[in-house]
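Report on the structure given below.
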Amino acid sequence: MRQLLLLRHAKSAWDDPALSDHARPLNARGRRAAAAMAAAMRGLGMRPELVLVSSSRRTLQTLEGLGTLDGQWRVEPMDDLYLAPWSRLLETLREVPETVRSVLLIAHNPGLHDLALNLASQDTSAPGQALAEAYPTAALAEFALDQPWASLSAGNARLIRFLLPRDLPEMAA
């Protein structure tokens, strides 16, 4: 069984109009949400072996916010994940070595949401319904896969949970 974790970057700042979209940092709420998601992931025993992350500043800072997760992981920042469509995200996942059991992909909408919807197609569970509505910043979808990474395709992953930052106790304050 393989685990796929899809994390949308946390909330970014828009206060400096001189910055390019790629260079936008997280805002205070985003940093708090990344830390809250790290606590939730740690509590659920999530320990990705490989992190595939867009090269944007906000995705890299989201990853930094997860720094307190247990375990060792290999990180691969990738320029072509920046604002990538779901088909490119899927291609990237299909290239993951078969020895890797757990992958965390940190990327952007709409590609990340489209990927999750395609993987969970026809899922009518509560997490599936929440996923169908929206994929907010710092939200995390966990999927279980029975097949090799190279065979990953639409509809052949099982959605385990969909965590929203607003549902985490750390974000209620």
Pair list, Cβ under 8 Å, 6 or more apart: the stretch 145-167 residue closer than 11 Å to residue 118 by Cα and part of a loop (DSSP other than H, G, I, E, B), other residue at pLDDT 95 or above and of a type in the set (Phe, Trp, Tyr): 157/143
Working only within the stretch 57-94, note down all residues that are small (Gly, Ala, Ser), crowded, with 17+ Cβ neighbours inside 10 Å and over 17 Å from residue 47 (Cβ atoms). 84
Wholly within the stretch 47-140, helices (runs of 4 or more DSSP H) carrying at least 2 residues that are free of Cβ contacts under 8 Å to residues at least 40 places away in the same chain and in contact with a Leu (Cβ under 8 Å, 6 or more places away or on another chain): 86-94, 111-119, 126-133
Which one of these is on the phi < 0 side of the Ramachandran plot and out of contact with any helix residue (DSSP H, G or I) (no Cβ under 8 Å at 6 or more places or on another chain): 44, 66, 81? 44
State yes or no: is residue 97 of a type outside the set (A, V, I, L, M), under 27 Å from residue 158 (Cα atoms) and buried (at least 22 other Cβ atoms within 10 Å of the Cβ)? no
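The values are calculated or read from the model by the stated rules, or taken from the named source; none is laboratory data. These numbers were taken from a predicted model, which means no experiment stands behind them. Cβ coordinates were reconstructed from backbone atoms using ideal geometry, including for glycine residues, and neighbour counts include every protein chain displayed.
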